Amino acid sequence: MTKKVVAATFLAKPDAKQALHDWIVKTAHASRQEIGVEKYLINFIDKQLGHYLLVGIYSSEKAFDDHVNSEHVENFLKAVPDLVTENFTYVATPLENESDPKSRVETS
């Protein structure tokens, strides 16, 4: 089974830093309860600017699809456009660099 690794960045509008933070924390909490979500990490690129990096590791393509179609993610994605100046998402399946054994993602 191939894992799915997703990274997303969000840069808050100056007046929406707290609202974006609250949405990210709320969504992360719900996401971490999902079957198939192996890791869901919140990282600050720049806390003062409200710039976030979210990283999710999913056990399969289906687990990722279930996550994206969950009510909490759909609500988050509806709210985010009003809160951010930019957002980028990167997807890798699996996240692995063949020349670096430390980058390997174990699959079932």
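The values are calculated or read from the model by the stated rules, or taken from the named source; none is laboratory data. These numbers come from a predicted model, not from an experiment. Every residue, glycine as well, gets a Cβ built from its backbone with ideal geometry; the counts of neighbours run over all protein chains shown.
What tally of residues in the stretch 4-31 results from selecting those that are surrounded by 16 or more Cβ atoms within 10 Å (Cβ to Cβ), over 14 Å from the mean Cα position of the chain (by Cα) and of a type outside the set (A, V, I, L, M)?
Number of matching residues: 1.
Would you mention how many residues in the stretch 75-95 are within 13 Å of the chain's Cα centre (by Cα) and farther than 16 Å from residue 18 by Cα?
Counting residues in the stretch 75-95 that are within 13 Å of the chain's Cα centre (by Cα) and farther than 16 Å from residue 18 by Cα gives 7.
When you check residue 44 against the structure, is it without any contact (Cβ under 8 Å) to a residue 12 or more places away in the chain, in contact with a strand residue (DSSP E or B) (Cβ under 8 Å, 6 or more places away or on another chain), of a type outside the set (Gly, Ala, Ser) and under 19 Å from residue 88 (Cα atoms), yes or no? Write out each step before concluding.
On the way: without any contact (Cβ under 8 Å) to a residue 12 or more places away in the chain: yes; in contact with a strand residue (DSSP E or B) (Cβ under 8 Å, 6 or more places away or on another chain): yes; of a type outside the set (Gly, Ala, Ser): yes; under 19 Å from residue 88 (Cα atoms): yes.
Criteria met by residue 44.
Kindly indicate whether residue 97 is out of contact with any Gly (no Cβ under 9 Å at 6 or more places or on another chain), part of a loop (DSSP other than H, G, I, E, B) and either at pLDDT below 95 or closer than 16 Å to residue 12 by Cβ (or both).
Numbers: out of contact with any Gly (no Cβ under 9 Å at 6 or more places or on another chain): yes; part of a loop (DSSP other than H, G, I, E, B): yes; either at pLDDT below 95 or closer than 16 Å to residue 12 by Cβ (or both): yes.
The answer is yes for residue 97.
Could you run through the stretch 21-34 and say how many residues are closer than 21 Å to residue 62 by Cβ and either basic (Lys, Arg) or at pLDDT below 95 (or both)? If you could, list the steps in order and put the result at the bottom.
Restricting attention to the stretch 21-34, the residues satisfying the condition of being closer than 21 Å to residue 62 by Cβ are 27-28, 30-34.
From the residues that got through so far, the ones that are either basic (Lys, Arg) or at pLDDT below 95 (or both) too are 32.
Number satisfying all stated conditions: 1.
Out of 2, 27, I need the residue that is out of contact with any Lys or Arg (no Cβ under 8 Å at 6 or more places or on another chain), among the hydroxyl-bearing types (Ser, Thr, Tyr), more than 18 Å from residue 89 (Cα to Cα) and not in a strand (DSSP E or B). Which one? Don't jump to the end; show me each part of the working.
On the way: 27 fails: more than 18 Å from residue 89 (Cα to Cα).
Answer to the check: 2.
I'm told residue 107 meets every condition in (1) β-branched (Val, Ile, Thr); (2) surrounded by fewer than 13 Cβ atoms within 10 Å (Cβ to Cβ); (3) modelled with pLDDT of 95 or more except one. Can you identify the failing condition by its number?
(3)
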